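**Student:** Shown below is the structure under consideration.
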Amino acid sequence: MRRFPAAVNEQIGREFAASQQYIAIAVYYDGETLPQLAAHFYRQAVEERNHAMMLVQYLLDSGEPVEIPGVDAPKTVFEDASAPVALALEQEKTVTQQIAKLVELAREENDLVGEQFLHWFLSEQREEVASMSALLTLVQRATGSNLLLVEEYLARTAVGEQGAPEAGAPAAAGGAL
Ligand SMILES: [Fe+2]
Ligand SMILES: [Fe+2]
């Protein structure tokens with residue numbers, strides 16, 4: 001296998017791992033009776049699952065082998081209510097670097113179709129890093145005082161949904177959820 005499709009296969013695992021981590025964070029907030037924060041991360045989990053399935057569809061369309069990988073267990077214990085969002089922000093920054101590396105690899109192998117496919121992921125990462133750092137600011141401000149302010153804010157404002165370029169999103173294998 002060329003290095004680029006092999007690396008796309010690895011990214012499928014990372015997107016599924018991100019999805020599992022967001023489910024774990026959603027369940028943590030649900031357990032703390034913070035339903036808006038929980039809902040936010042349940043939605044993010046579905047988005048990450050869709051990213052994985054877009055990569056699967058890309059490999060299928062390219063006639064490349066697809067290996068659906070297992071994922072490591074996510075972190076489920078957090079020291080306070082802002083820790084999950086800090087972890088999520090780190091995760092999004094890491095994924096941004098991973099996608100940038102994939103673009104580099106596509107260029108090295110002169111795979112212009114592969115590079116063009118990844119452009120949507122680059123703008124998606126810009127949006128996700130920005131919305132996650134906004135959420136971290138909010139949650140850090142409220143942790144230790146009143147997290148219900150974050151709940152109220154999330155109920156009124158669609159954090160992470162404004163400007164999401166879903167219209168031009170690549171097709172997901174089996175359809176996006
Ligand atoms: Fe993702
Ligand atoms: Fe993400």
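**Student:** With the requirement that a residue be of a type in the set (A, V, I, L, M) and assigned to a helix (DSSP H, G or I), what does segment 73-88 give you? Don't jump to the end; show me each part of the working.
**Tutor:** Taking segment 73-88 and keeping what is of a type in the set (A, V, I, L, M), we get 73, 77, 81, 83, 85-88.
Those that are of a type in the set (A, V, I, L, M) and assigned to a helix (DSSP H, G or I): A83, V85, A86, L87, A88.
**Student:** Exactly one of these conditions fails for A164: (1) under 16 Å from the mean Cα position of the chain (by Cα); (2) at pLDDT 95 or above; (3) of a type in the set (A, V, I, L, M, F, W, C). Give me its number.
**Tutor:** (2)
**Student:** Cβ-Cβ below 7 Å, separation at least six or inter-chain, first residue in segment 103-131 and within 25 Å of Q44 (Cα to Cα), second more than 16 Å from ligand 2 (Cβ to nearest atom) and not hydrophobic (A, V, I, L, M, F, W, C): which pairs?
**Tutor:** V103/E115; E115/R107; F117/Y58; W120/G168
**Student:** Now for a separate question. Taking only segment 89-121 into account, find how many residues are in a helix (DSSP H, G or I) and away from ligand 2 (no atom under 12 Å from the Cβ).
**Tutor:** Pass one, segment 89-121, residues in a helix (DSSP H, G or I): 89-108, 112-121.
Of the ones still in play, those that are also away from ligand 2 (no atom under 12 Å from the Cβ) are 97, 100-108, 112-120.
Residues meeting the conditions: 19.
**Student:** Kindly indicate whether any position in segment 19-32 is among the polar types (S, T, N, Q), over 19 Å from V159 (Cβ atoms), within 16 Å of ligand 2 (Cβ to nearest atom) and open to solvent by 20 Å² or more (accessible area, probe 1.4 Å).
**Tutor:** We begin by selecting, within segment 19-32, every residue among the polar types (S, T, N, Q); these are 19-21.
Still in the list and also over 19 Å from V159 (Cβ atoms): 20.
Filter once more, so that each one left must be within 16 Å of ligand 2 (Cβ to nearest atom): 20.
In the following step, the residues that additionally are open to solvent by 20 Å² or more (accessible area, probe 1.4 Å) were identified as 20.
Yes, some residue in segment 19-32 is among the polar types (S, T, N, Q), over 19 Å from V159 (Cβ atoms), within 16 Å of ligand 2 (Cβ to nearest atom) and open to solvent by 20 Å² or more (accessible area, probe 1.4 Å).
**Student:** Can you say whether F41 is within 14 Å of A173 (Cβ to Cβ), modelled with pLDDT of 95 or more and not hydroxyl-bearing (S, T, Y), as far as the supplied structure shows? I'd like the intermediate steps shown before the answer.
**Tutor:** Numbers: within 14 Å of A173 (Cβ to Cβ): no; modelled with pLDDT of 95 or more: yes; not hydroxyl-bearing (S, T, Y): yes.
Considered against the rule, which asks whether it is within 14 Å of A173 (Cβ to Cβ), modelled with pLDDT of 95 or more and not hydroxyl-bearing (S, T, Y), F41 comes out as no.
**Student:** Here are V56, V71, V85, V66: which of them is under 19 Å from A130 (Cα atoms) and open to solvent by less than 70 Å² (accessible area, probe 1.4 Å)?
**Tutor:** Working: V56 fails: under 19 Å from A130 (Cα atoms); V71 fails: under 19 Å from A130 (Cα atoms); V66 fails: under 19 Å from A130 (Cα atoms).
The match here is V85.
**Student:** From the list Q36, Q44, pick out the single residue that is within 24 Å of E152 (Cα to Cα) and open to solvent by less than 40 Å² (accessible area, probe 1.4 Å).
**Tutor:** Being within 24 Å of E152 (Cα to Cα) and open to solvent by less than 40 Å² (accessible area, probe 1.4 Å) holds for just one of Q36, Q44, which is Q44.
**Student:** From (1) more than 16 Å from ligand 1 (Cβ to nearest atom); (2) modelled with pLDDT of 95 or more; (3) in contact with a helix residue (DSSP H, G or I) (Cβ under 8 Å, 6 or more places away or on another chain), pick out the condition that doesn't hold for R49.
**Tutor:** Of the numbered conditions (1) more than 16 Å from ligand 1 (Cβ to nearest atom); (2) modelled with pLDDT of 95 or more; (3) in contact with a helix residue (DSSP H, G or I) (Cβ under 8 Å, 6 or more places away or on another chain), the odd one out for R49 is (1).
**Student:** What is the one condition in (1) at pLDDT below 95; (2) of a type outside the set (D, E, K, R); (3) assigned to a helix (DSSP H, G or I) that G70 does not satisfy?
**Tutor:** (3)
The values are calculated or read from the model by the stated rules, or taken from the named source; none is laboratory data. Worth saying up front: this structure is predicted, and the values here are computed from it rather than measured. In this analysis, Cβ positions are derived from the backbone assuming ideal geometry, glycine residues included, and neighbour counts consider all displayed protein chains. Please note that ligands, DNA and RNA were not included when accessible areas were found on the heavy atoms of the full protein model with its side chains. Shrake-Rupley method; radii C 1.70, N 1.55, O 1.52, S 1.80 Å.
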